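Structure first, commentary second.
The values are calculated or read from the model by the stated rules, or taken from the named source; none is laboratory data. Keep in mind it's a predicted model, so treat the numbers as computed, not measured. Cβ: placed from backbone, ideal geometry, glycine included. Neighbour counts: every protein chain shown.
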């Protein structure tokens, strides 16, 4: 789609990749094919949303500045529904980086004004730094409340070697694994087809295609509706990890896979009958600026009681995202682990040990995010734990911490509760007889 395409490296409307001898600029072409490769092409795979229009933004083949990122993330927000991004800071296990001031504005403007006020959908690859124990909560793009962070699962339902362990991951799709496992089939440069697309870079476009199907089913979905629907329909059962736990509202959650594998049919079925989520509230507790030393051994534990801003216009009864803003000093940042535990006992790992991170810069008002307490009641005691898991010679001080809650006063959900007895799986309106599936319909004797 020419209207959805631009080249911010050369400042012209043609986003075609610059030719190189080793085809290093193939990444975008491969991602695009996963989303929208034409059906019945007799040449390569079929895109998940094969009827969708797709554009390309060329922005990585040059200086990637805050200006370039902001322009790319805010290009034609009334025309473009979904932005699929398989890029970000270096996945080297030591970088802590995120969007600059202009890119942050692009995100906030996109969710507020994009798609006629319903909000653009920003899909993001969670990162490929697993080999170096990287953590996507050190990536300010994947841990943004405005993005749907997507991880990977191998064909055998295991976590691939490159996958990052992270509390901000929302869900997963299939991608490559170890040697001998299948990779992703998609379009390639020079009108070719490849079976070699890999990493979370391949997972994010699959998710974007699935979300496009949901938007086709229900054009009125907001950016937050989409996250609710992803969480409610993702499937954890066949994914193998020893970190699966059940959160305070009974949902299984993993730092490897988020809420599980995206299920396109379940997503579309729920999209058809989903009613717009209640108004979003933001409740921020006052920052605790009491300096506290981080012990050489054991953990520093601090607690915060909250009412979820009860009695105010920002009252939250049903959580969505939880953000923890931290400032601390430490002699070796990679030796820190950080956890937040909700009043209902859900423990999120905000930061795991990063063996490649030798920095002594600590964190300055860095925002960590968790999706693990989605729809829990924030009321009660929250516990922050900071632990040195490295040398006992390490020293540091927690200088400030703050919890920011995002959520709603009313329960989000389908809304249609009095569906006809002829309906199976609920109804989507405008009447109670507009069924998602008909309970008693048969074709050739088959229900």
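Here residue 246 clears all of (1) over 17 Å from residue 156 (Cβ atoms); (2) touching a residue at least 24 places away in the same chain (Cβ under 8 Å) except the condition numbered (2). Might you let me know whether the range 214-224 holds any residue that is under 16 Å from residue 154 (Cβ atoms) and more than 16 Å from the chain's Cα centre (by Cα)? No: zero hits. Pairing each residue of the range 50-61 that is closer than 19 Å to residue 264 by Cα and not assigned by the TED database to the domain that holds residue 75 with any residue that is at pLDDT 95 or above and buried (at least 18 other Cβ atoms within 10 Å of the Cβ), provided the two are 6+ apart or on different chains, yields no C-beta distance under 9 Å.
Please verify whether residue 28 is within 23 Å of residue 114 (Cβ to Cβ), assigned to a loop (DSSP other than H, G, I, E, B) and assigned by the TED database to the domain that holds residue 142, treating the condition exactly as stated.
Spelling it out, it is not the case that residue 28 is within 23 Å of residue 114 (Cβ to Cβ), assigned to a loop (DSSP other than H, G, I, E, B) and assigned by the TED database to the domain that holds residue 142.
Of note, residue 105 satisfies the criterion of being more than 19 Å from residue 14 (Cα to Cα) and either surrounded by fewer than 18 Cβ atoms within 10 Å (Cβ to Cβ) or touching a helix residue (DSSP H, G or I) at 6+ places or on another chain (Cβ under 6 Å) (or both).
Here residue 259 fulfils each of the conditions (1) in the same structural domain as residue 162 (by the TED database); (2) over 20 Å from residue 167 (Cβ atoms) apart from (2).
Exactly one residue out of 155, 196 is assigned by the TED database to the domain that holds residue 237 and assigned to a loop (DSSP other than H, G, I, E, B): that is 155. Summed over the range 322-360, the residues that are assigned to a loop (DSSP other than H, G, I, E, B), touching a residue at least 40 places away in the same chain (Cβ under 8 Å) and in contact with a helix residue (DSSP H, G or I) (Cβ under 9 Å, 6 or more places away or on another chain) give a count of 8. For residue 145, the test of being modelled with pLDDT of 95 or more, under 16 Å from residue 88 (Cα atoms) and surrounded by fewer than 24 Cβ atoms within 10 Å (Cβ to Cβ) is passed. All conditions in (1) in contact (Cβ under 8 Å) with a residue 12 or more places away in the chain; (2) surrounded by fewer than 24 Cβ atoms within 10 Å (Cβ to Cβ) hold for residue 112, with the sole exception of (1).
For residue 302, the requirement of being farther than 30 Å from residue 412 by Cβ and not in a loop (DSSP other than H, G, I, E, B) is met. One residue stands out among those in the range 305-321 that are without any contact (Cβ under 8 Å) to a residue 60 or more places away in the chain and out of contact with any strand residue (DSSP E or B) (no Cβ under 6 Å at 6 or more places or on another chain): the one that is nearest to residue 412 (Cα to Cα), which is 313. Scan 168, 176 and give me the residue that is closer than 20 Å to residue 211 by Cβ and touching a helix residue (DSSP H, G or I) at 6+ places or on another chain (Cβ under 7 Å). It is 168.
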